[in-house]
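Visitor: Structure provided below as structure tokens; questions to follow.
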Amino acid sequence: MAKRDDGQGGDRFQGTLADRLARLWRAEDPRFDELLDEVLDGGRQAVIEAALGKLREGEHMPFMDDVETLAEIVERTGEDGERLSTSLYWFVAEVDGDAHTPPPAAQIEEAFASVDLLKPGEQVRLLPVWLDPEQLSYLEATDRRALLRRMLASFDAAVRFAADQEVTAETDEGPRLLALVGLFDEVVEDGAEDEDWDDEESSEEVERIGAAVDTFSASVTRADSRIVRCRPVGGLTDLLEFVAEEPWDEAADLEDLERFIDVALAEVSDGLLDAEVRWTPGALEVGLSGSDGRWVDSATFEVPETQLPAAIDTLKRLCRSVRPANGPSGTA
């Protein structure tokens with residue numbers, strides 16, 4: 001990889017702490033990570049801001065992307081002497097009810113470990129407290145590193161830190177999105193090369209991950225009736241983007257199903273359809289036939305278990321009958 005243009009003459013690694021941070025980053029020097037660790041652990045957010053001011057405008061976003069990512073990761077030695085990479089790992093949950101009592105951390109950890117989302121040796125340990133995504137958006141990089149360090153030292157200390165930073169959620173009733181944070185541990189293999197990440201995952205892999213997430217979410221909702229659904233999202237930036245985009249719009253998810261039925265209704269003369277359905281984790285297969293038994297069309301829709309009752313209600317409202325595939329007529 002070509003090094004970034006330093007844009008300054010002389011010794012790139014002299015000057016103030018902010019000078020060195022900016023120049024090491026531009027040079028893609030591995031000492032940048034080490035120096036940034038010192039700045040983050042020292043709580044010196046002002047140095048990061050000063051380094052940002054020394055970079056060209058077009059460099060601001062990639063610099064802060066690196067800072068925000070590294071703020072949530074530390075390498076350490078595990079109890080058995082192995083090298084571990086430990087990072088903050090964030091979840092988002094739609095909660096409908098009183099958030100006064102803590103989330104079911106142990107059950108969420110168990111549900112996450114039981115689906116095919118973690119590699120061997122990886123684990124997540126969840127902080128048992130509800131957090132407010134809006135307040136989390138104000139956490140500086142040094143605050144995130146402080147949260148990570150406190151979680152490694154003591155979960156009790158981390159809960160107190162979250163309260164001091166005013167990022168814990170209010171206990172109000174009503175549906176809203178709340179955050180959960182855990183420690184994600186993975187073993188660092190000596191001599192292992194960095195993985196080449198492929199931005200384009202295969203459709204089979206996307207479907208597998210989607211099904212695993214839906215299974216995880218369903219397990220969490222069974223563990224705590226307040227949780228409508230739950231999703232792992234990764235870093236704090238991912239969490240905030242997820243919340244801002246509001247991708248959990250049930251009405252919008254069911255619009256495709258309604259359009260599918262409307263098109264099929266136009267193909268039958270008497271306006272009557274019979275539906276056969278088969279649900280697998282994360283997906284609802286729907287087959288439609290006319291009142292004369294003639295096959296009309298079929299399609300598969302992404303429907304998490306939490307939305308299945310609404311999808312079946314939509315089918316019952318628009319079709320004459322709804323039955324399981326190969327099941328008795330008129331049942332659902």
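Only the coordinates and a few stated rules stand behind these numbers; no lab work does. It should be emphasised that the depicted structure is a prediction, and the values quoted were computed from it without experimental measurement. Every residue, glycine among them, receives a Cβ derived from its backbone with ideal geometry; neighbour counts consider all protein chains shown.
Visitor: Using a Förster radius of 35 Å, what is the FRET efficiency between W295 and E205 based on their Cβ-Cβ separation? Nearest 0.05, please.
Guide: 0.65
Visitor: In addition: Once you have the Cα-Cα distance between D238 and R83, take 0.36 nm times their residue separation minus that, and quote the gain in nm to one decimal.
Guide: In short, 53.2 nm is gained.
Visitor: Relative contact order of the range 28-99, please, whole-number percent, based on alpha carbon pairs below 8 angstrom and at least 6 residues apart.
Guide: 19 percent
Visitor: Please work out the FRET efficiency for the pair D66 and T16, using the Cβ-Cβ distance as r and a Förster radius of 25 Å; give the result to the nearest 0.05.
Guide: 0.85
Visitor: Mean Kyte-Doolittle of at least -0.5 plus a Cα span of 20 Å or more along the axis: flag which DSSP H helices in the chain meet both, please.
Guide: For the chain, where a helix must reach 20 Å along its axis and average at least -0.5, the hits are 203-223, 250-265.
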